[in-house]
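Notes to accompany the following structure.
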């Protein structure tokens, strides 16, 4: 199955919030994982938020006071779409965003705990998160498909060529040189091919660059899905809401409809509803993800 085939089709949609004690739901998830031969992790923004990478509130106000004062920004997510008046201003913001969310953050405990749960299984990770946490937490780099990009890379804004560039050292330098929310003009990155502006390698329009590494990860994901059809497979979804459900949430439901050998564990603080038609093959745990992962790990790693 290709990635495009994975995305195609219609989700079940007959959602219910499952009733029953939290402890029983955790036990169901643990049983599914213990019986699984393969685990496909699907991770969204809610996982990183539960791990501590919150884009609003105190973490935002503590790290971006000068940007709040100058531009009236309210959170890191919407700030990414701010109409900056210059390239110096735009990279002034993004250098701080990347430093705070990608460079300065080590592997977070929630991601490391998740790795402990599945490390002995045949696993693969599909994620829309751009913060590089799966890589930092010890997951095999060849088993990760970060389909929406990574804060650690920049590209030609208009995608004139299919290559991305490591930006970590550049962002560190920008972060140190920034004054009054601006970087020096001489530090503004320029496309080495067309001479035009650069941008973050994040999927936001038709110019997103899918380079050789992206396509290699896509191919690995496709091969893993093909093998999953023959095995007892758990689709382990964490923090995927309805912001971009067509990438993980809906495709997971469609896989469940096609393959009776698959089970779904859906962890979400507010949106863990699952299709009623899946019956006991799915468990949706509406609770703090960090707590749920901790409790699942305690059961899954026991014995």
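Among the criteria (1) modelled with pLDDT under 95; (2) under 24 Å from the mean Cα position of the chain (by Cα); (3) in a loop (DSSP other than H, G, I, E, B); (4) surrounded by 13 or more Cβ atoms within 10 Å (Cβ to Cβ), the one residue 13 does not fulfil is (4). Among the residues of the range 285-299, those that are surrounded by fewer than 22 Cβ atoms within 10 Å (Cβ to Cβ) and in contact (Cβ under 8 Å) with a residue 40 or more places away in the chain comprise 286, 287, 288, 290, 294, 295, 297, 299.
Summed over the range 248-287, the residues that are under 15 Å from residue 110 (Cβ atoms) and over 17 Å from the mean Cα position of the chain (by Cα) give a count of 2. Pairs meeting the criteria (first residue in the range 114-139 and crowded, with 20+ Cβ neighbours inside 10 Å, second residue part of a helix (DSSP H, G or I) and modelled with pLDDT under 95, beta carbons under 6 Å, at least 6 apart or on different chains) are 117/300.
For the condition closer than 30 Å to residue 186 by Cα, in contact with a helix residue (DSSP H, G or I) (Cβ under 8 Å, 6 or more places away or on another chain), in a helix (DSSP H, G or I) and modelled with pLDDT of 95 or more, residue 67 qualifies. None of 260, 266 is farther than 19 Å from residue 148 by Cα and not in a strand (DSSP E or B) except 260. For the range 35-45, state whether one or more residues are surrounded by fewer than 17 Cβ atoms within 10 Å (Cβ to Cβ), at positive phi and within 25 Å of the chain's Cα centre (by Cα). No, every residue in the range 35-45 fails to be surrounded by fewer than 17 Cβ atoms within 10 Å (Cβ to Cβ), at positive phi and within 25 Å of the chain's Cα centre (by Cα). Scanning the range 19-52 for residues that are at pLDDT 90 or above and assigned to a loop (DSSP other than H, G, I, E, B) turns up 21, 36, 37, 44, 52.
Which one of 95, 78 is loosely packed, with under 15 Cβ neighbours inside 10 Å and closer than 18 Å to residue 202 by Cβ? Talk me through it step by step, then tell me what you get.
Values: 95 fails: loosely packed, with under 15 Cβ neighbours inside 10 Å.
The match here is 78.
Here residue 245 meets each of (1) at pLDDT below 95; (2) buried (at least 16 other Cβ atoms within 10 Å of the Cβ); (3) in a helix (DSSP H, G or I) with one exception, condition (3).
When residue 179 is tested against (1) touching a strand residue (DSSP E or B) at 6+ places or on another chain (Cβ under 7 Å); (2) free of Cβ contacts under 8 Å to residues at least 24 places away in the same chain, just one condition goes unmet, and that condition is (1).
The values are calculated or read from the model by the stated rules, or taken from the named source; none is laboratory data. Fair warning: this is a prediction, and the values are worked out from it, not measured in the lab. Virtual Cβ from ideal backbone geometry, glycine too; neighbours counted across all protein chains shown.
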